[in-house]
Each structure stands twice: as structure tokens, then as C-alpha cells.
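These notes concern the structure reproduced below.
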Amino acid sequence: MGKTLIVVVILLIVALLVGSWFVGIRNQMVTKRETVNSAWSSVDIALQRRSDLIPNLVETVKGYAAQETTIFTEIAKARSALIGARTPADKIAANGSLDSALSRLLVITENYPQLKSNENFLRLQDELAGTENRIAQERRSYNETVQDYNTYIQLFPNSVIAGMSGFARNDAYFKADDGARTAPKVNFNPPPQTAPAATPAPAH
């Protein structure tokens with residue numbers, strides 16, 4: 001009877017230790033997943049901020065380049081897709097399309113010197129540049145938290161607990177291309193004018 005009791009006590013202690021270990025790892029997964037969600041929320045806010053700037057930017061450009069209808073249509077479609085996207089993966093894809101359309105718009109503006117000196121346009125470009133920098137920072141942080149989460153749940157024996165608890169790999173990354181590593185260069189300011197070379201005085 002005494003030996004049986006000892007075995008039962010030992011089994012209970014082992015069960016408690018294993019249970020505590022299981023709960024500890026699962027709680028860490030929950031924490032890391034919530035960190036990913038929080039990082040995504042910061043990205044989403046920055047993307048929304050840029051989306052809010054775009055209509056005013058487009059209207060300002062239209063005042064000088066109304067004939068550029070193709071790029072205006074592309075931007076409108078990309079912005080609508082971003083607004084309508086519900087999952088991080090869908091928003092990341094829509095954001096890529098919007099990045100591409102905005103880049104083409106900025107190239108077009110180089111053909112309109114009067115637009116580049118417009119005060120409203122200059123103000124918008126400053127706000128857009130700041131927002132682009134914020135997006136670059138936030139999505140870099142988001143990618144890091146996703147990578148940390150994915151690595152943690154794939155390590156053994158964490159992977160076993162993840163499978164039992166419904167924790168799946170998150171593949172909603174921002175692609176690590178040139179546009180994702182650095183903020184797009186936004187520069188609407190005209191190049192500095194160089195002084196004309198002095199005409200040499202005629203020899204006497």
C-alpha cells in the first residue's frame with residue numbers, strides 16, 4: 001500500500017510538472033501571437049494614414065496633369081483594394097500594388113515643373129515622405145515579430161504543442177525586396193539652379 005501511494009504521488013508530481021511546462025510554452029505562444037497582432041495594428045494605422053493622403057495628392061496632381069488618366073485609375077483601384085482588404089495577407093498584396101502605382105505617379109510629376117513648386121503639393125509630399133518612413137519602420141518591426149513567432153512554434157517540442165493547441169505558421173510577410181527595405185524616395189523639389197559660367201572679359 002505504501003509503495004502504491006509513493007508511485008501515485010510521483011506520477012502526480014510528474015503530471016504537474018509536465019502540465020506546467022505545457023501551459024508555460026502555450027502561454028508564450030499566445031504572447032508572441034499577440035505581439036504579431038499588435039505590430040500589424042501599427043502597420044495598418046500607417047497604411048491608413050497614407051491612404052488618407054492619396055486623394056488630396058491625386059487631386060493636386062490632376063490640376064496640372066489632368067490628362068494622366070491611366071495612372072489616376074490605377075491608384076484609385078489599388079487604394080480601393082487596400083481599403084477593402086480584410087486580412088494582413090490581402091492588405092500586404094494590395095499595398096504592393098499601391099506602392100507601384102504611387103511610384104509611377106511620382107515619376108510623372110517630374111514632367112510638370114509648375115506642379116513641383118505648388119505649395120499644397122510640397123506640403124503633401126512632406127507628409128507622404130514622413131508616412132513612407134513610418135510604414136518602412138513599422139513593417140520591418142512586423143516582419144521581425146512574425147519571424148520570431150514562426151521560429152518559436154516550429155522548434156521541437158514547441159511544434160508538438162503548437163499543433164495540439166491550434167497555433168499555425170504566419171506567412172503574411174512583407175516581401176524583403178528593395179521597396180520593403182527602404183522607404184520610397186519622395187523628392188518633388190526642383191534641382192538647384194547652377195549659376196551660368198562667367199564670360200571672360202575681352203582681351204585688350
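Computed quantities for the displayed model
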item: Neighbours by Cβ (under 8 Å, 6+ apart or cross-chain): first from region 161-179, under 12 Å from Gly96 (Cβ atoms) and buried (at least 17 other Cβ atoms within 10 Å of the Cβ); second at pLDDT below 90 and among the aliphatic types (A, V, I, L, M); result: Phe174/Ala180
item: Some residue of region 104-114 being within 28 Å of Gly63 (Cβ to Cβ), under 11 Å from the mean Cα position of the chain (by Cα) and either without any contact (Cβ under 8 Å) to a residue 60 or more places away in the chain or assigned to a helix (DSSP H, G or I) (or both); result: no
item: Hits in region 60-92 (condition: part of a helix (DSSP H, G or I), free of Cβ contacts under 8 Å to residues at least 40 places away in the same chain and surrounded by fewer than 16 Cβ atoms within 10 Å (Cβ to Cβ)); result: Lys62, Thr69, Thr70, Thr73, Ala76, Lys77, Ser80, Ile83, Gly84, Asp90
item: Search result, residues across region 102-124 that are touching a Ser or Thr at 6+ places or on another chain (Cβ under 9 Å) and buried (at least 17 other Cβ atoms within 10 Å of the Cβ); result: Leu115, Lys116, Asn118, Phe121, Leu124
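The values are calculated or read from the model by the stated rules, or taken from the named source; none is laboratory data. Small disclaimer: the values here were computed from a predicted structure and weren't measured. Neighbour counts are summed over all protein chains in view; Cβ atoms, including those assigned to glycine, are modelled from backbone coordinates with ideal geometry.
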